[in-house]
Amino acid sequence: MSYKDIVVFLDAGRSTATRLDVAVSLCQRFDARLIGVDVSTPEAFAGEFADVAKGLEPAFEAKIKEGAIKGEYRVAENRTSSWKDFYAHYADLVVATGRDEDSDDLVARGIPDDIVMSAGVPVLVLPPIWGPAAIGESVVIAWNSSRESIRALHDSLPILRHAKRVTIFEFAPFVDHVDSAPGLVQAHLSQHDVSSEIFTWPNASDIAPIDALFSCLERQQADLIVAGAFGHPRLIEALVGSASKDLLHNPSVPVLMSH
């Protein structure tokens, strides 16, 4: 598996330039086509950001030419309830950014939360204020033995194969004296030529799960989290229940999520 079609959302907010740079670099890495989807709201064309909103297409075209990649520009149809899903359903990966209160009214509602649940493909969510920095050199997999976790694991394999370091993190793992779940995951990854190490947090009473995860991220100097997502729009549940909403909206580390 590889990423051959990547969708990146474009808007007049301050994070678009970084998001586009990340998407272009991923396309270069995987020899993929980039689909730029304008998700601007009508408000974006009526105020101080109007010139930026109107210039999204030429900015996108210039960037794909500079990056020497294939690309196409699309404008999302926002008159129907399902428009946000349309282009994501025909891609291998979606690149989005968490909500930014400074530009919240410029971007269509439901991005990225609803997209994570509806896309059917992995969504790489960047922090609103981030980068540019490497993504995927040191990856932490947030594992909880769920269907969503294995889906995210498989969806991230193209990135994991390029990573210099992969860590399997499990919070308060179930004690099994025959086979541990992280050990089975590690063996499975090795069949895909991915070397990994295991980091478990055995005590569920001394720290919140999300804090344990971020302790692992800091220790491993991680630049990407891989996690499954389950629940329904606006009530994202993954990794360790409601803590995944914090994960999706975390301010410091990109996260690749699959449902």
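The values are calculated or read from the model by the stated rules, or taken from the named source; none is laboratory data. Worth saying up front: this structure is predicted, and the values here are computed from it rather than measured. Don't worry about glycine lacking a Cβ; one is built from the backbone with ideal geometry, like all the others, and counts go over all protein chains shown.
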Note on Ile111: of the conditions (1) in contact with a Phe, Trp or Tyr (Cβ under 8 Å, 6 or more places away or on another chain); (2) of a type in the set (Val, Ile, Thr); (3) at pLDDT 90 or above; (4) under 16 Å from Ala23 (Cβ atoms), unmet is (3)
**Asked** Looking at segment 158-181, is at least one residue under 17 Å from Leu126 (Cβ atoms), crowded, with 21+ Cβ neighbours inside 10 Å, at pLDDT 90 or above and not assigned by TED's automatic domain parsing to the domain that holds Arg19?
**Response** yes
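With the structure loaded, tell me whether Asp113 is buried (at least 20 other Cβ atoms within 10 Å of the Cβ) and either out of contact with any Ser or Thr (no Cβ under 8 Å at 6 or more places or on another chain) or free of Cβ contacts under 8 Å to residues at least 12 places away in the same chain (or both) or whether it fails that test.
Working: buried (at least 20 other Cβ atoms within 10 Å of the Cβ): yes; either out of contact with any Ser or Thr (no Cβ under 8 Å at 6 or more places or on another chain) or free of Cβ contacts under 8 Å to residues at least 12 places away in the same chain (or both): yes.
Yes, satisfied.
Taking Ser195 as the residue in question, decide whether it is surrounded by fewer than 20 Cβ atoms within 10 Å (Cβ to Cβ) and either modelled with pLDDT under 90 or more than 22 Å from the chain's Cα centre (by Cα) (or both). Show your work before the answer.
On the way: surrounded by fewer than 20 Cβ atoms within 10 Å (Cβ to Cβ): yes; either modelled with pLDDT under 90 or more than 22 Å from the chain's Cα centre (by Cα) (or both): no.
When the stated conditions are applied, Ser195 does not pass them.
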When segment 126-140 is checked residue by residue, the ones that are out of contact with any Pro (no Cβ under 6 Å at 6 or more places or on another chain) and under 20 Å from Lys164 (Cα atoms) are Gly131, Pro132, Ala133, Ala134, Gly136, Glu137, Ser138, Val139, Val140
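Within segment 145-154, is even one residue in a loop (DSSP other than H, G, I, E, B) and aliphatic (A, V, I, L, M)? First the steps, then the outcome.
So in segment 145-154, the residues in a loop (DSSP other than H, G, I, E, B) come out as 145-146.
Still in the running and aliphatic (A, V, I, L, M): none.
No, every residue in segment 145-154 fails to be in a loop (DSSP other than H, G, I, E, B) and aliphatic (A, V, I, L, M).
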Counting only residues in segment 211-223 that are in contact with a strand residue (DSSP E or B) (Cβ under 9 Å, 6 or more places away or on another chain) and assigned to a helix (DSSP H, G or I), the one surrounded by the fewest Cβ atoms within 10 Å (Cβ to Cβ) is identified as Arg219
Would a scan of segment 84-107 turn up a residue that is in the same structural domain as Gly36 (by TED's automatic domain parsing), under 16 Å from Ser258 (Cα atoms), surrounded by fewer than 22 Cβ atoms within 10 Å (Cβ to Cβ) and of a type in the set (S, T, N, Q)?
no
Filter segment 122-165 for residues that are among the β-branched types (Val, Ile, Thr) and over 24 Å from Asp104 (Cα atoms); the one that is farthest from the chain's Cα centre (by Cα) is Ile150
Counting only helices (runs of 4 or more DSSP H) entirely within segment 1-97, those with at least 3 residues that are in contact (Cβ under 8 Å) with a residue 40 or more places away in the chain and β-branched (Val, Ile, Thr) are 16-30
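Here's a check for you: in segment 113-144, which residue that is polar (S, T, N, Q) and touching a Leu at 6+ places or on another chain (Cβ under 8 Å) is nearest to Ala91 (Cα to Cα)?
Let us first name the residues in segment 113-144 that are polar (S, T, N, Q), namely 118, 138, 144.
This time we only want the ones that are touching a Leu at 6+ places or on another chain (Cβ under 8 Å), so: 138, 144.
Working: Ser138: 25, Asn144: 26 Å.
Top of the filtered list is Ser138.
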Condition first: buried (at least 19 other Cβ atoms within 10 Å of the Cβ) and not hydrophobic (A, V, I, L, M, F, W, C). Can you find one or more residues in segment 20-30 that meet it? no
Picked from segment 180-210 (must be part of a helix (DSSP H, G or I) and of a type in the set (S, T, N, Q)), the residue nearest to Glu170 (Cα to Cα) is Gln186
Filtering segment 31-49 down to residues that are of a type outside the set (Ser, Thr, Tyr) and surrounded by 14 or more Cβ atoms within 10 Å (Cβ to Cβ) yields Ala32, Arg33, Leu34, Ile35, Gly36, Val37, Asp38, Val39, Glu43, Ala44, Phe45, Phe49
